[in-house]
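> Dropping a structure here in structure tokens format, bear with me for questions.
The values are calculated or read from the model by the stated rules, or taken from the named source; none is laboratory data. In this text, all values refer to a predicted model and were calculated from it rather than measured experimentally. All Cβ positions, even for glycine, are placed from backbone atoms using ideal geometry, and neighbour counts span all protein chains on display.
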Amino acid sequence: MAVNLTERAGAALTRAHGFLHRLPTAAVSAHGPAAAVSRRAGLAICELMCPELRARRPTGDPLPTLAFAGADEPLRRLATGRRQPFPDTTAPAGPDDMPAWALGLLRADPQALAGLAERAALDSLWGCTTTTMATRDRAGWSTALPVALALAAQHRDLALLPALIRAIGYLALNEHPLTTTATALLISQQQPDGGLGILPTGADPHLQTRIRLRLTVSFAWALAEMTEPGFTAAVMSGEVAYDT
């Protein structure tokens, strides 16, 4: 990623950390344990990427020690500090003609694109097995994911953009011109308070917390994967752990 974009990502992560840190604990807890662990993981991501943030964390402020169902596996693994058994989440095999299969999923349908991002994450085990993937599989994803990212960017979809940016990172396509453009676009959507997403005036504050928390953590995770290629794979393999 270009130096200026790396610097912008670092500043954006610092602002995202401020937003997540200011969220009232009671408001987050109201959405269940998965929301709480997601917030903790988001804070951990920002602090791992910005050492000056981690240095300011008060001592004796441990992260959760339990794994919560409903949180993404990499986030759960990072937030709990525990090396849980590696998940057996191998996706079903696609047709032999992988590029055609991948391109066949490309539709301007958010659910289809979200499924594409999830499938890429599982096929590569969040980047852990990218180097051992079959050439045919990598070719299919290398063709399909940038197109999917362009569709998400065109619609300014703040839920899809981070997921697709991470998927592209898992496939080691960080330097693709469209990836850097989409990452810059995503950073430009960050609000002055550091969070991502803005709801209409008068929207239910309860709903605001739930949606903006999810978007902001996903945003921070995508920036981490772009700034430090292989970040998620390192978390999943236990090379990166967040200990307090």
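> Looking for whichever is modelled with pLDDT of 50 or more, of a type in the set (A, V, I, L, M) and more than 18 Å from residue 231 (Cα to Cα) here; the options are 75, 63, 106, 43. Which one fits?
Selected residue: 106, the only one of 75, 63, 106, 43 that is modelled with pLDDT of 50 or more, of a type in the set (A, V, I, L, M) and more than 18 Å from residue 231 (Cα to Cα).
> Within region 193-216, restricting attention to residues that are surrounded by 15 or more Cβ atoms within 10 Å (Cβ to Cβ), not in a helix (DSSP H, G or I) and not hydrophobic (A, V, I, L, M, F, W, C), which residue is modelled with the lowest pLDDT?
Within region 193-216, the match that is modelled with the lowest pLDDT is 197.
> List the residue pairs whose Cβ atoms are under 7 Å apart, where the first residue sits in region 12-30 and is closer than 13 Å to residue 41 by Cα, the second is of a type in the set (Phe, Trp, Tyr), and the two are 6 or more positions apart or on different chains.
The qualifying pairs are 16/219.
> Give me the helices (runs of 4 or more DSSP H) completely within region 1-50, filtered to those with at least 3 residues that are crowded, with 22+ Cβ neighbours inside 10 Å, ordered by residue number.
Helices (runs of 4 or more DSSP H) meeting the threshold: 3-22, 33-49.
> Spot the failing condition for residue 158; the list is (1) in a helix (DSSP H, G or I); (2) touching a Leu at 6+ places or on another chain (Cβ under 6 Å); (3) closer than 27 Å to residue 30 by Cα, and only one is missed.
Looking at each condition in turn, residue 158 falls short on (1).
> Just for region 153-186: of the residues that are among the small types (Gly, Ala, Ser) and free of Cβ contacts under 8 Å to residues at least 40 places away in the same chain, which one is farthest from residue 232 (Cα to Cα)?
Filtering first and then ranking leaves 153.
> Does any residue of region 217-238 turn out to be buried (at least 16 other Cβ atoms within 10 Å of the Cβ), under 25 Å from residue 151 (Cβ atoms), in contact with a strand residue (DSSP E or B) (Cβ under 6 Å, 6 or more places away or on another chain) and not aliphatic (A, V, I, L, M)?
There is at least one residue in region 217-238 that is buried (at least 16 other Cβ atoms within 10 Å of the Cβ), under 25 Å from residue 151 (Cβ atoms), in contact with a strand residue (DSSP E or B) (Cβ under 6 Å, 6 or more places away or on another chain) and not aliphatic (A, V, I, L, M).
> Quickly run through region 187-205 and pick out the residues that are free of Cβ contacts under 8 Å to residues at least 24 places away in the same chain and of a type in the set (A, V, I, L, M, F, W, C).
Hits for region 187-205 are 198, 199, 203.
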